[in-house]
Amino acid sequence: MTHGQDSSLPPPEHAGRRRFLKWLTNGIGAAFAATLGVPALLYLLDPRNRPTPAGDFRQVTKLSELKEGQPVALTIKEVRRDVWTIHPNDIVGRVWLIRRGDTVKAFTVTCPHLGCSINHEGDRFVCPCHNGTFTLDGKRADPGAGRRNPAPRDMDELEVRLTPAADAPNDRIVWVKYQAFIQNQEAKVARR
Ligand code: FES
């Protein structure tokens, strides 16, 4: 040992190695943070990745695709993204659309009785589960043959919005505000 050197201090080469290891550890940590953090930040900044608020209007078809008085069933889809995967065709719900001139009515296919899917049969909508029966305007109707209509209210109508189609000046884009409603009660109350 050299005269005057403190024996509790590590030799200079050990101190250098420690500094290097510390630098290496911090560097690896920073690289990991950048690898995980930057994509996460970009993901959150992109407006397409923000969750769609419930009850937003969704584009479903064009007016020109609908025939006068002829019900058409369409699915409402949305893009759902989780951390690693994009699900481009998540089905949110299904609707019946019926065109009346230049206006469109929309009803959820979900029966207001107990939630089965309502079918279109001739000049009526009929629920296959318990004979819930409705006119093409969604009003409760007599199922006939002495049967009882168990639906507690009319079909659940949805808000529709028509906007000009960019590629066809005379056409309209049909938007529907999709909502689910509480079943088996007279009042039409949206689920939250
Ligand atoms: S679920 Fe539709 S009539 Fe019962």
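A short reminder: the numbers here are calculations on the coordinates, not readings from a lab. Note that this is a predicted model, so its numbers are computed, not measured. We place every Cβ from the backbone using ideal geometry, glycine too, and count neighbours over all the protein chains shown.
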### Query
Considering amide H positions built from the backbone, and no H for Pro or chain starts, which residues 5 or more places from F181, or on another chain, come under 5 Å of its amide H?
R191
## Note on the structure
Residues whose modelled amide H sits under 5 Å from the amide H of H113, counting only those 5 or more places away in sequence or on another chain, are N184
### Query
How big is the Kirkwood radius of segment 52-177, worked out from every pair of different alpha carbons and given in Å to one decimal?
15.7 Å
### Message
I'd like the distance separating the alpha-carbon centroids of segment 95-153 and segment 161-185, in whole Å.
### Response
19 Å
### Query
What are the lysines whose alpha-carbon lies under 24 Å from the alpha-carbon of K67, with same-chain residues fewer than 8 places away excluded?
K77, K105, K139, K177
### Query
Any number yet on Rg/Rh for segment 126-191, C-alpha, Kirkwood?
1.14
### Message
Using the Cα centre of segment 52-177 as the reference point, and only Cβ charges (+1 on K/R, -1 on D/E), how large is the resulting charge dipole? Debye, rounded to the nearest 20.
### Response
200 debye
